[in-house]
Amino acid sequence: MGSEERSAWIMLVVSLAAYVTYLAIILGRAAGAPLHEVPYVATMLWTIGGAIVASIGLNILFSVILRDGEGKKDQRDREIYRFGEYIGQSFLVIGGVAALVMSMAEFPYFWIANAVCLAFFLSAVLGSVAKVIAYRRGLPAW
């Protein structure tokens, strides 16, 4: 497994773990109360920050330990990276549009922030899944 594929796996696992942790904390705090009344800002910021730090730390750790194919990106790696990023970016656009519509409808801040947060995590997860599948099965022929 090359460094680019390993990086996609790390992003996938870290993103899933971070979002599941965030949901568990928020749903645990709700305890029957309306979700939009749950304090979420600090939890969201810590979860996002923790995911960023964990992803960077794991990438550094594995690159130091494994040192296989480090810094050797070929055309296939670049195309797979671009393919995964296109998939991921589409969910950022969907989340942005959802947040825009929600703000126009004057939804509580909780729902708008969580729509954007979900879009970021879906972008990371689905972009990483697309990259892993492309590494395992090849890029789709259009």
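The values are calculated or read from the model by the stated rules, or taken from the named source; none is laboratory data. This is a predicted model, so every value here is computed, not measured. Backbone-built Cβ (ideal geometry, glycine too); neighbour counts: all protein chains shown. Protein only, heavy atoms only, side chains kept; ligands, DNA and RNA dropped before computing areas. Shrake-Rupley method; radii C 1.70, N 1.55, O 1.52, S 1.80 Å.
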Computed about the Cα centre, the charge dipole of segment 75-142 from +1 Lys/Arg and -1 Asp/Glu charges at the Cβ has a magnitude in debye, to the nearest 20, of 400
Within segment 14-95, DSSP-loop GluC sites (Glu not before Pro) with at most 15 other C-beta atoms within 10 Å are E70
Within segment 122-142, backbone nitrogen closer than 11 Å to the virtual label 7 Å beyond the Cα of E79 toward Cβ
138-142
For segment 89-96, what does the Karplus curve 6.51 cos²θ - 1.76 cosθ + 1.60, with θ = phi - 60°, yield as ³J(HN,Hα) per residue in whole Hz, taken in order and with x for Gly and Pro?
5, 4, 6, 5, 5, 4, x, x
Around A8 (Cβ within 12 Å, Cβ-to-Cβ, excluding A8; K/R +1, D/E -1) the net charge comes to -1
Charge dipole of segment 30-119 built from unit charges on the beta carbon (Lys, Arg +1; Asp, Glu -1), centred at mean Cα; most positive-end Cα among V38, F83, A54 is F83
If the only charges are +1 at each Lys and Arg Cβ and -1 at each Asp and Glu Cβ, what is the size of the charge dipole of the chain around the Cα centre, to the nearest 20 debye?
340
Expressed as a rounded percentage, what relative contact order does the chain have, with Cα pairs under 8 Å and six or more residues apart?
36
Using a 1.4 angstrom probe on heavy atoms only, work out the carbon and sulfur share of the accessible area of segment 17-139 in %.
70
What number, rounded to the nearest 500 deg cm²/dmol, is the helix-based mean residue ellipticity at 222 nm of the chain, given -39500 (n - 2.57) per DSSP H run of at least four residues and division by all its residues?
-28500 deg cm²/dmol
Gain on full stretching of the segment that runs from Y86 to I60 - 0.36 nm per residue minus C-alpha separation
6.9 nm
For the Cα atoms of the chain, what angle does the longest principal axis make with the long axis of helix 3-30, in degrees from 0 to 90, nearest 10?
10
Taking Cα atoms, how many degrees apart are the long axis of helix 109-137 and the longest axis of the chain, rounded to 10 and kept between 0 and 90?
20
Kindly report the accessible area of the chain per residue (heavy atoms of protein chains, probe 1.4 Å, no ligands, DNA or RNA), in Å².
63
Say the dipole of segment 60-142 comes from +1 at the beta carbon of Lys and Arg and -1 at that of Asp and Glu; which of L66, N114, L126 then lies farthest toward its positive end?
L66
Mind checking the full-extension length gain between V93 and Y109? Use 0.36 nm per residue of separation minus the Cα-Cα distance, one decimal, nm.
3.9 nm
With x for Gly and Pro, the residue-by-residue ³J(HN,Hα) of segment 39-56, computed from phi through the Karplus equation 6.51 cos²θ - 1.76 cosθ + 1.60 at θ = phi - 60° and given in whole Hz, is x, 10, 4, 4, 4, 5, 5, 5, 5, 5, x, x, 5, 5, 5, 5, 5, 5
Long-range amide H partners of V38, meaning residues 5 or more apart or on another chain whose placed amide H is closer than 5 Å, are none
About the Cα centre, and with charges only on the beta carbon of Lys, Arg (+1) and Asp, Glu (-1), how big is the dipole of segment 1-83? Nearest 20 debye, please.
60
Overall dimensions of segment 20-115 by Cα: Rg and Dmax, Å
18.5, 53
Longest exposed-loop-site-free stretch of the chain, with trypsin sites (Lys or Arg not before Pro), DSSP loop and at most 14 other Cβ within 10 Å?
74-142
